[in-house]
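*Asks:* One structure follows; several queries about it will come next.
The values are calculated or read from the model by the stated rules, or taken from the named source; none is laboratory data. The shown structure was predicted, so the numbers you read here are calculated from the model rather than taken from an experiment. For neighbour counting, all protein chains shown are included, and Cβ atoms are generated from backbone atoms with ideal geometry for every residue, glycine included. The area values use the complete protein model at the heavy-atom level, side chains included, leaving out ligands, DNA and RNA. Shrake-Rupley method; radii C 1.70, N 1.55, O 1.52, S 1.80 Å.
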Amino acid sequence: TGSFAAISNPWRIDCEVSNLEIRKDGFFINGKPFRLFSGAMHYFRVPRAYWGDRFAKMRAAGFNCVETVMCWNLHEPHEGEFCFGGGLDIAAYCRTAAEYGLYVIIRPGPYTCGEWDFGGFPAWLLKDHNLRLRCDEPIFHAKGRCLFQTGVSRDQPATGYKWRQYYRLSLIHISEPT
């Protein structure tokens, strides 16, 4: 389970927030029914030079959305040291997807599932033997919140862009403890 947060619309740089509603009978954007046709393409698994090519192929296949996970261990390999440049520039990934008319679903974790080593957790979390992972513990939440605040809510240090300026519409799935 989780919650979704709509971010914004890149066609308007003034950051007008898209009106996304999740109703019993489906998704609605600005009051109009909308069907998501999505495929996964993880930005860190595809060289940045090929993102546009892959997005064009997704559009040609009839998709209107792309989904990706955001692995904490890639973006914070050492506690307090954040990486959002090059192939890890998720804001550029979202802008490129928007250029191809794709919506974006981001699953930032902090746990991104079994498809990535240690579920995407950084190894440095294991230094604290008392830290309980994937549970409702304040210290765990505080450490995970640093990535979310650095990479999602504020300007990205490596790019200087604010996320909210560039998404066509991005849905962020926020994991809840299991």
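*Asks:* Would the range 149-159 turn up any residue that is at pLDDT 65 or above and open to solvent by 60 Å² or more (accessible area, probe 1.4 Å)? Give the steps one after another, and end with the answer.
*Replies:* Let us first name the residues in the range 149-159 that are at pLDDT 65 or above, namely 149-150.
Now narrow it down to the ones that are open to solvent by 60 Å² or more (accessible area, probe 1.4 Å): 149.
Yes; the residues of the range 149-159 include at least one that is at pLDDT 65 or above and open to solvent by 60 Å² or more (accessible area, probe 1.4 Å).
*Asks:* Now for a separate question. Take the range 84-105 and flag every residue that is open to solvent by 30 Å² or more (accessible area, probe 1.4 Å) and closer than 16 Å to residue 71 by Cα.
*Replies:* 85, 86, 87, 88
*Asks:* May I ask you to list the residues in the range 60-108 that are within 19 Å of residue 39 (Cβ to Cβ), acidic (Asp, Glu) and within 14 Å of the chain's Cα centre (by Cα)?
*Replies:* 67
*Asks:* Among the numbered criteria (1) of a type outside the set (Gly, Ala, Ser); (2) open to solvent by 10 Å² or more (accessible area, probe 1.4 Å); (3) touching a Gly at 6+ places or on another chain (Cβ under 7 Å); (4) assigned to a loop (DSSP other than H, G, I, E, B), which single criterion is violated by residue 73?
*Replies:* Checking residue 73 against (1) of a type outside the set (Gly, Ala, Ser); (2) open to solvent by 10 Å² or more (accessible area, probe 1.4 Å); (3) touching a Gly at 6+ places or on another chain (Cβ under 7 Å); (4) assigned to a loop (DSSP other than H, G, I, E, B), the one that fails is (4).
*Asks:* Residues to consider are 29, 22; find the one that is more than 12 Å from residue 96 (Cβ to Cβ), open to solvent by less than 70 Å² (accessible area, probe 1.4 Å) and among the β-branched types (Val, Ile, Thr).
*Replies:* Values: 22 fails: open to solvent by less than 70 Å² (accessible area, probe 1.4 Å).
None of the others qualify; the one that does is 29.
*Asks:* Select from the range 58-111 the residues that are basic (Lys, Arg) and in contact with a Phe, Trp or Tyr (Cβ under 8 Å, 6 or more places away or on another chain) and list them in ascending order.
*Replies:* Matches in the range 58-111: 59, 95.
*Asks:* Among the residues of the range 87-139, what is the count of those that are polar (S, T, N, Q), closer than 16 Å to residue 45 by Cα and either outside any helix (DSSP H, G or I) or free of Cβ contacts under 8 Å to residues at least 40 places away in the same chain (or both)?
*Replies:* The number of residues fulfilling the criteria is 1.
*Asks:* Which residue is least open to solvent (accessible area, probe 1.4 Å), if the candidates are limited to the range 32-66 and must be free of Cβ contacts under 8 Å to residues at least 24 places away in the same chain and assigned to a strand (DSSP E or B)?
*Replies:* 34
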